[in-house]
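One structure is given here, and the rest of the page talks about it.
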Amino acid sequence: MSIRPVKQISQAQPTMEGAGVRLDRAFGFGDPKLADPFLLLDDFRNDRPEDYQAGFPWHPHRGIETITYVLAGSVDHADSLGNAGSLGAGDVQWMTAGSGILHQEMPHGDRHGRMHGFQLWANLPSSEKMTTPRYQDVKAGDIPEVIDDDGTRVRVVVGEFWGKRGPVDGIAADPQYLDVWVPPGRRKVLPVDTYRSAFAYIFEGSGTFRDASKPFGVLVEKEVAGEELHLRDMSGDRTLVVFDTGDEVVVQAGERGIRFLLVSGKPIQEPVAWHGPIVMNTRQELVQAFNELNAGTFIREGAKF
């Protein structure tokens, strides 16, 4: 067995998206080889409705799949083909945009005003970029959770892990998407397929991964004695860890435990032509997509559930 060394460690960057949603971007709109086949990961969480309630109004996607995982609050979604629904806490939606879809996502806080979720973009290979759009909506109760003897908990959103298989299937990248909690002070070895790209994104607690320095904090606004101050949260929260090759990931949990997404998938290793929410293989395909969008011919086939 070989332990995956850490290739890169970075902090999520505050970003504004949609109609004015404040979120943190772990990666995206940079080098598409960083986590191939994954292109972007956004962490949208806030307890101030004014920072998220404007949402993500109508916008197009083509050539990718989007994975939305809600932890608190809810997200109402609708598309140009008449599909609509709502994701609650613990729910997942995997949308295959394929040949093209227009949709909107509108977040709502829980009874305390809190909203938290993630959106991950996965690239599609050239052979599937123009496939028929479809959705997979999964309720929280249908996502299996495995609890190990030492108290480690793993929600298996996609893929197979410790004998459990997640409910989302038919995904081009054949990914593994896990929500992992390791109790305080525990050291845990987690298997990852050698031939997959893999990364971890810490969103609660703190800890270290093999060959990585301690995750560093992000600047946050806090009110102290009536004043708004910028302080560095040293918990390790909002830290991205990208791994090199190997078949195991080793994590040592800190004094408050550590919770993170562990995501891996088969690299596509194809050219990427990318502008906003449309990802193709060539510039000509990209220009064609935007021409169709402007001409009103972007939508080709009906999405299916």
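Per-residue answers, yes or no, for (1) outside any strand (DSSP E or B); (2) farther than 23 Å from Pro32 by Cα; (3) touching a Ser or Thr at 6+ places or on another chain (Cβ under 7 Å):
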position	(1), (2), (3)
Val157	no, yes, no
Asp174	yes, no, no
Lys188	no, yes, yes
Thr194	yes, no, yes
Phe199	no, no, no
Thr208	no, yes, no
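From the set of residues in the stretch 89-108 that are open to solvent by less than 50 Å² (accessible area, probe 1.4 Å) and assigned to a loop (DSSP other than H, G, I, E, B), which is nearest to Pro60 (Cα to Cα)?
Top of the filtered list is Gly100.
Only one of (1) polar (S, T, N, Q); (2) open to solvent by less than 40 Å² (accessible area, probe 1.4 Å); (3) assigned to a loop (DSSP other than H, G, I, E, B) fails for Thr131. Which number is that?
Single failed check for Thr131: (2).
Within the stretch 251-298, take every residue that is over 25 Å from Val241 (Cα atoms) and among the hydroxyl-bearing types (Ser, Thr, Tyr) and give me the one that is modelled with the lowest pLDDT.
Thr297
So, restricting to strands (runs of 3 or more DSSP E) that lie completely within the stretch 248-302, which ones have at least 3 residues that are of a type outside the set (A, V, I, L, M, F, W, C)? Let's see the steps before the verdict.
Values: elements: 248-265, 273-275, 278-280.
Passing ranges, in order: 248-265.
Exactly one of (1) at pLDDT 90 or above; (2) buried (at least 20 other Cβ atoms within 10 Å of the Cβ); (3) within 26 Å of Val75 (Cβ to Cβ) is unmet by Ala173. Its number?
Against the list (1) at pLDDT 90 or above; (2) buried (at least 20 other Cβ atoms within 10 Å of the Cβ); (3) within 26 Å of Val75 (Cβ to Cβ), Ala173 comes up short only on (1).
Any idea which of Val241, Val287 is open to solvent by 20 Å² or more (accessible area, probe 1.4 Å), more than 14 Å from Pro32 (Cβ to Cβ) and hydrophobic (A, V, I, L, M, F, W, C)? Show your work before the answer.
Values: Val241 fails: open to solvent by 20 Å² or more (accessible area, probe 1.4 Å).
Selected residue: Val287, the only one of Val241, Val287 that is open to solvent by 20 Å² or more (accessible area, probe 1.4 Å), more than 14 Å from Pro32 (Cβ to Cβ) and hydrophobic (A, V, I, L, M, F, W, C).
When only residues in the stretch 1-60 that are outside any strand (DSSP E or B), under 30 Å from His112 (Cβ atoms) and aliphatic (A, V, I, L, M) count, which is modelled with the lowest pLDDT?
Ala19
From the list Ala172, Ala140, which residue is without any contact (Cβ under 8 Å) to a residue 60 or more places away in the chain and either of a type in the set (A, V, I, L, M, F, W, C) or under 23 Å from Ile299 (Cα atoms) (or both)?
Of Ala172, Ala140, the one residue that is without any contact (Cβ under 8 Å) to a residue 60 or more places away in the chain and either of a type in the set (A, V, I, L, M, F, W, C) or under 23 Å from Ile299 (Cα atoms) (or both) is Ala140.
Taking Arg111 and the conditions (1) assigned to a loop (DSSP other than H, G, I, E, B); (2) of a type in the set (D, E, K, R); (3) modelled with pLDDT of 95 or more, which numbered condition does it fall short on, given that it satisfies the others?
Every listed condition holds for Arg111 apart from (3).
Which of the residues that make up the stretch 46-74 are open to solvent by less than 10 Å² (accessible area, probe 1.4 Å) and of a type in the set (A, V, I, L, M, F, W, C)?
Ile64, Ile67, Val70
The values are calculated or read from the model by the stated rules, or taken from the named source; none is laboratory data. Just so we're clear, the structure is a prediction, and the values are computed from it rather than from any experiment. Note that we place each Cβ from the backbone using ideal geometry, even for glycine, and neighbour counts take in every protein chain shown. Protein only, heavy atoms only, side chains kept; ligands, DNA and RNA dropped before computing areas. Shrake-Rupley method; radii C 1.70, N 1.55, O 1.52, S 1.80 Å.
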